[in-house]
Amino acid sequence: MGSVGAKEVPVLLTADQRRIDGRRLDELRPLKITAGALKQADGSAFVEWGLNKVMAAVYGPREVHPRHLQVNDKAIVQCRYNMAAFSVDERKRPGLDRRSQEISKVIAEAFESVIFAEEYPRTSIDVYIEVLQANAGTRCAGVVAASVALADAGIPMVDLLPSVAVGKIDGHIALDLKKEEDNFGEADLPMALVPQSGRLVLLQMEGHMTRDELSQALDLGVSGCRQIYTVMKSALRERYDAGGVARTEVAA
Ligand code: ADP
């Protein structure tokens, strides 16, 4: 443990550039995706990613509630991201706080840009993301889960949306931060990628990076997204090959 002022901070990077959990700077945490995990939903997916556990359920296209949100020439995409009160170490106040509202909004906007909404006028596509266990990167795990759930529901989209956060720890750009790295690191940059076009449809940033670091972080995030994309596609392929619930497990 090193110390900054009165605050004890863990060593985030060893001399040979290994991270707290032994990963290298460009390595993802282990990722498992189960497509079609829920019976009731039109589409669903369960994502276990490092210590994160996130369930996504999709309903629709269905009637719009509340009715006044209905749009004549396309479907609307509504998203609710929620962190369970038991999902974090310190008990979180249950319910939708400002952080959850912000995350719900950016995720809905990301999906609006890839869903062919004009195919379903006057309907709503509802995406529910429930974080059961949180360990940093939950909005990205939520995007990955929701994306597989949307595909499982048969919603037509330009592409799946792999998503990952890149950060800066001990002055180095690192892929897929875990909790301690997010808490004590210098920056956090979640992103979501449309793999076919290379377009970023979600990009947020907390902390500080130079221009060069930002460019390095974007490159690392894009290559991370491409690895995640492979896991997402195999989860869906297994689901349909098996004709039921399928789990794809890829140790990154
Ligand atoms: P993300 O989960 O997308 O990285 P944040 O950067 O806002 O989003 O949060 C990082 C991590 O901090 C979360 O994954 C979770 O482990 C923890 N966290 C977030 N909000 C709370 C909260 N209200 N109470 C306790 N821990 C929280």
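The values are calculated or read from the model by the stated rules, or taken from the named source; none is laboratory data. All values reported here derive from a predicted model rather than from experimental measurement. Using ideal geometry, Cβ is built from the backbone for each residue, glycine included, and neighbour counts are taken over all protein chains shown. These accessible areas exclude ligands, DNA and RNA; they are computed on the full protein's heavy atoms, side chains included. Shrake-Rupley method; radii C 1.70, N 1.55, O 1.52, S 1.80 Å.
Give me a count of the residues in the stretch 206-217 that are surrounded by fewer than 16 Cβ atoms within 10 Å (Cβ to Cβ), of a type in the set (D, E, K, R) and more than 13 Å from the ligand (Cβ to nearest atom).
Here is the first cut: in the stretch 206-217, the ones surrounded by fewer than 16 Cβ atoms within 10 Å (Cβ to Cβ) are 206-208, 210-212, 215.
Next, only the ones that are of a type in the set (D, E, K, R) stay: 206, 211-212.
Now narrow it down to the ones that are more than 13 Å from the ligand (Cβ to nearest atom): 211-212.
Residues that pass the stated criteria total 2.
Here is a yes/no grid of residues against (1) closer than 29 Å to Ile115 by Cβ; (2) touching a Cys at 6+ places or on another chain (Cβ under 7 Å):
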residue	(1), (2)
Gly154	yes, no
Val158	yes, no
Ser163	yes, yes
Asp176	yes, no
Phe184	no, no
Arg211	no, no
Ser223	yes, no
Ser234	yes, no
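Check whether at least one residue in the stretch 10-24 is on the phi > 0 side of the Ramachandran plot and open to solvent by 60 Å² or more (accessible area, probe 1.4 Å), and report yes or no. Working first, answer last.
Within the stretch 10-24, the first condition is being on the phi > 0 side of the Ramachandran plot, and the residues that meet it are 17, 22.
The next check asks that each one be open to solvent by 60 Å² or more (accessible area, probe 1.4 Å); those that pass are 17.
Yes, the stretch 10-24 has at least one match.
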Counted residues, the stretch 33-76 - those being buried (at least 16 other Cβ atoms within 10 Å of the Cβ) and basic (Lys, Arg)
2
Could you please find all residues in the stretch 227-245 being of a type in the set (D, E, K, R), modelled with pLDDT of 95 or more and surrounded by fewer than 17 Cβ atoms within 10 Å (Cβ to Cβ)?
Arg237
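Please find, within the stretch 118-135, the residue that is farthest from Asp42 (Cα to Cα) out of those that are of a type in the set (A, V, I, L, M) and surrounded by fewer than 22 Cβ atoms within 10 Å (Cβ to Cβ).
Residues of the stretch 118-135 of a type in the set (A, V, I, L, M): 125, 127, 129, 131-132, 134.
If we keep only those that are surrounded by fewer than 22 Cβ atoms within 10 Å (Cβ to Cβ) too, we end up with 132, 134.
Details: Leu132: 20, Ala134: 25 Å.
Ranking the qualifying residues of the stretch 118-135, first place goes to Ala134.
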Output the residues belonging to the stretch 77-120 that are within 12 Å of the ligand (Cβ to nearest atom), part of a strand (DSSP E or B) and of a type outside the set (A, V, I, L, M, F, W, C).
Tyr81, Asn82
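Quick check, is Val88 open to solvent by less than 50 Å² (accessible area, probe 1.4 Å), within 18 Å of the chain's Cα centre (by Cα) and at pLDDT below 95?
Numbers: open to solvent by less than 50 Å² (accessible area, probe 1.4 Å): yes; within 18 Å of the chain's Cα centre (by Cα): yes; at pLDDT below 95: yes.
Spelling it out, Val88 is indeed open to solvent by less than 50 Å² (accessible area, probe 1.4 Å), within 18 Å of the chain's Cα centre (by Cα) and at pLDDT below 95.
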Can you tell me which of (1) more than 9 Å from the ligand (Cβ to nearest atom); (2) part of a helix (DSSP H, G or I); (3) among the small types (Gly, Ala, Ser) is the one Ala141 doesn't meet?
(1)
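Of all residues in the stretch 121-138, count the ones that are within 9 Å of the ligand (Cβ to nearest atom) and of a type outside the set (Gly, Ala, Ser).
Taking the stretch 121-138 as the starting set, the residues that turn out to be within 9 Å of the ligand (Cβ to nearest atom) are 131, 133-138.
Still in the running and of a type outside the set (Gly, Ala, Ser): 131, 133, 135, 138.
Of the residues in the stretch 121-138, 4 are within 9 Å of the ligand (Cβ to nearest atom) and of a type outside the set (Gly, Ala, Ser).
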Pairs please, first residue from the stretch 152-164 and in contact (Cβ under 8 Å) with a residue 40 or more places away in the chain, second anywhere and part of a loop (DSSP other than H, G, I, E, B) and aromatic (Phe, Trp, Tyr), Cβ atoms under 8 Å, 6+ apart in sequence or on different chains.
Pro156/Phe116; Met157/Phe116; Val158/Phe116
For the stretch 162-205, which positions are within 13 Å of the ligand (Cβ to nearest atom), more than 16 Å from the chain's Cα centre (by Cα) and more than 16 Å from Leu220 (Cβ to Cβ)?
Glu180, Asn183, Phe184
